[in-house]
Number of protein chains: 2
Amino acid sequence: MNNKEFTSELSRRLGYTIKDTSELIASLLSDMTQQLQEGNVISVQGFGTFEVKKKAERITINPTTKLRMLIPPKLVLNYRPSSALKDKFK
Amino acid sequence: MNNKEFTSELSRRLGYTIKDTSELIASLLSDMTQQLQEGNVISVQGFGTFEVKKKAERITINPTTKLRMLIPPKLVLNYRPSSALKDKFK
């Protein structure tokens, strides 16, 4: 199910044109992205939770040169499926 | 942003009632779940990709009893953010 199929499925359900549906998705996603950037968690019932987590900085050692490197902390978007959804794939 | 806030934000954008919006989300999610169960990948532009992946079976050894245990293969729902979205959290 690629992006086009997803959009057309949603437009069929909404009774919207493809264009309006695309705009809706884009506007909803930009809103979700902003929420996530502000550090808020987004949870959708029956689907799961999106959260931006900070990965701690860490030190690696290059096995060839033996040089220590500091990997800086970074932010990653994390998704955790709801337990109801997880159970469906058992 | 909990489920209620997500639904009310979406209903505001759609001009739908909360009830209709909840039903829309539920119906869309059940459709997405079915797609995933059939092994299909779902990609949403600017957001990312959902895919059910098979984790291979593996053998673990209980450190106390030294007993070998076979962990059976399992299916897990995997989400990979799009690179555009990843960049927003740098």
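The values are calculated or read from the model by the stated rules, or taken from the named source; none is laboratory data. Here the structure is a predicted model, which means the values were calculated and not measured. Methodologically, a virtual Cβ is constructed for each residue, glycine included, from the backbone with ideal geometry; neighbour enumeration extends over all protein chains shown.
Quick test of your reading of the structure: A:Gly46 fulfils all but one of (1) under 19 Å from B:Ser22 (Cα atoms); (2) not assigned by TED's automatic domain parsing to the domain that holds A:Lys86. Name the failing condition by number.
Condition (2) is where A:Gly46 drops out.
Within segment B:48-63, how many residues turn out to be out of contact with any Leu (no Cβ under 9 Å at 6 or more places or on another chain) and either part of a strand (DSSP E or B) or surrounded by 10 or more Cβ atoms within 10 Å (Cβ to Cβ) (or both)? Walk me through it before giving the result.
Of the residues in segment B:48-63, the ones out of contact with any Leu (no Cβ under 9 Å at 6 or more places or on another chain) are B:49, B:56, B:62-63.
Okay, now just the ones that are also either part of a strand (DSSP E or B) or surrounded by 10 or more Cβ atoms within 10 Å (Cβ to Cβ) (or both), so B:49.
Going through segment B:48-63 one residue at a time, the tally reaches 1.
Pairs, please: C-beta under 6 Å, at least 6 apart or cross-chain, first residue closer than 13 Å to A:Arg13 by Cα and in segment B:7-23, second not in a helix (DSSP H, G or I)?
Note: no pairs meet the criteria.
Would you point out the residue of segment B:8-21, among those that are among the basic types (Lys, Arg) and surrounded by fewer than 13 Cβ atoms within 10 Å (Cβ to Cβ), that is nearest to the other protein chains (Cβ to nearest Cβ)? Before you say what the answer is, go through the steps one by one.
Taking segment B:8-21 as the starting set, the residues that turn out to be among the basic types (Lys, Arg) are B:12-13, B:19.
After this cut, where a residue has to be surrounded by fewer than 13 Cβ atoms within 10 Å (Cβ to Cβ) as well, the list is B:12, B:19.
Values: B:Arg12: 10, B:Lys19: 14 Å.
It comes out as B:Arg12.
For segment B:42-70, give me each residue that is within 19 Å of A:Lys86 (Cα to Cα) and away from every other protein chain (no Cβ under 14 Å).
Passing the criteria: B:Ala56, B:Glu57.
Tell me, yes or no, whether segment A:64-71 has at least one residue that is assigned by TED's automatic domain parsing to the domain that holds A:Lys86, in a loop (DSSP other than H, G, I, E, B) and surrounded by 13 or more Cβ atoms within 10 Å (Cβ to Cβ). Step through it out loud before you land on a result.
From segment A:64-71, those assigned by TED's automatic domain parsing to the domain that holds A:Lys86 are A:64-71; that's our starting set.
From what is left, the residues that are in a loop (DSSP other than H, G, I, E, B) are A:64-67.
Of the ones still in play, those that are also surrounded by 13 or more Cβ atoms within 10 Å (Cβ to Cβ) are none.
No - not one qualifying residue is present in segment A:64-71.
Do we find a residue being more than 11 Å from every other protein chain (Cβ to nearest Cβ) and among the acidic types (Asp, Glu) anywhere in segment A:22-34?
Checked against the condition, which is being more than 11 Å from every other protein chain (Cβ to nearest Cβ) and among the acidic types (Asp, Glu), segment A:22-34 yields no hits at all.
Table: residues versus (1) at pLDDT below 85; (2) closer than 20 Å to A:Asn3 by Cβ.
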site: B:Asp31; (1), (2): yes, yes
site: B:Asn40; (1), (2): no, yes
site: B:Ile59; (1), (2): no, no
site: B:Asn62; (1), (2): no, no
site: B:Lys66; (1), (2): no, no
site: B:Asn78; (1), (2): no, yes
site: B:Pro81; (1), (2): no, yes
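Checking A:Leu24 against (1) more than 18 Å from B:Tyr16 (Cβ to Cβ); (2) surrounded by 12 or more Cβ atoms within 10 Å (Cβ to Cβ): exactly one of these is not met. Which one?
Answer for A:Leu24: the failing condition is (1).
Could you look through segment A:11-32, keep only residues that are part of a helix (DSSP H, G or I) and of a type in the set (Val, Ile, Thr), and pick out the one that is nearest to B:Phe47 (Cα to Cα)? Walk me through how you get there before you give the answer.
From segment A:11-32, those part of a helix (DSSP H, G or I) are A:11-14, A:18-32; that's our starting set.
Right, trim to of a type in the set (Val, Ile, Thr) and you get A:18, A:21, A:25.
On the way: A:Ile18: 18, A:Thr21: 15, A:Ile25: 10 Å.
It comes out as A:Ile25.
Among the listed residues B:Gln45, B:Gln37, which satisfies the condition of being out of contact with any Pro (no Cβ under 7 Å at 6 or more places or on another chain), in contact (Cβ under 8 Å) with a residue 12 or more places away in the chain and exposed (fewer than 15 other Cβ atoms within 10 Å of the Cβ)? If you could, list the steps in order and put the result at the bottom.
Values: B:Gln45 fails: exposed (fewer than 15 other Cβ atoms within 10 Å of the Cβ).
Only one candidate passes the filter, namely B:Gln37.
Name the single residue that is farthest from the chain's Cα centre (by Cα) among those in segment A:72-90 being facing chain B (nearest Cβ under 10 Å), of a type in the set (D, E, K, R) and not in a strand (DSSP E or B).
My answer is A:Lys90.
Hey, any hits in segment A:52-68 for a residue that's of a type outside the set (Phe, Trp, Tyr) and in contact with a helix residue (DSSP H, G or I) (Cβ under 6 Å, 6 or more places away or on another chain)?
There is at least one residue in segment A:52-68 that is of a type outside the set (Phe, Trp, Tyr) and in contact with a helix residue (DSSP H, G or I) (Cβ under 6 Å, 6 or more places away or on another chain).
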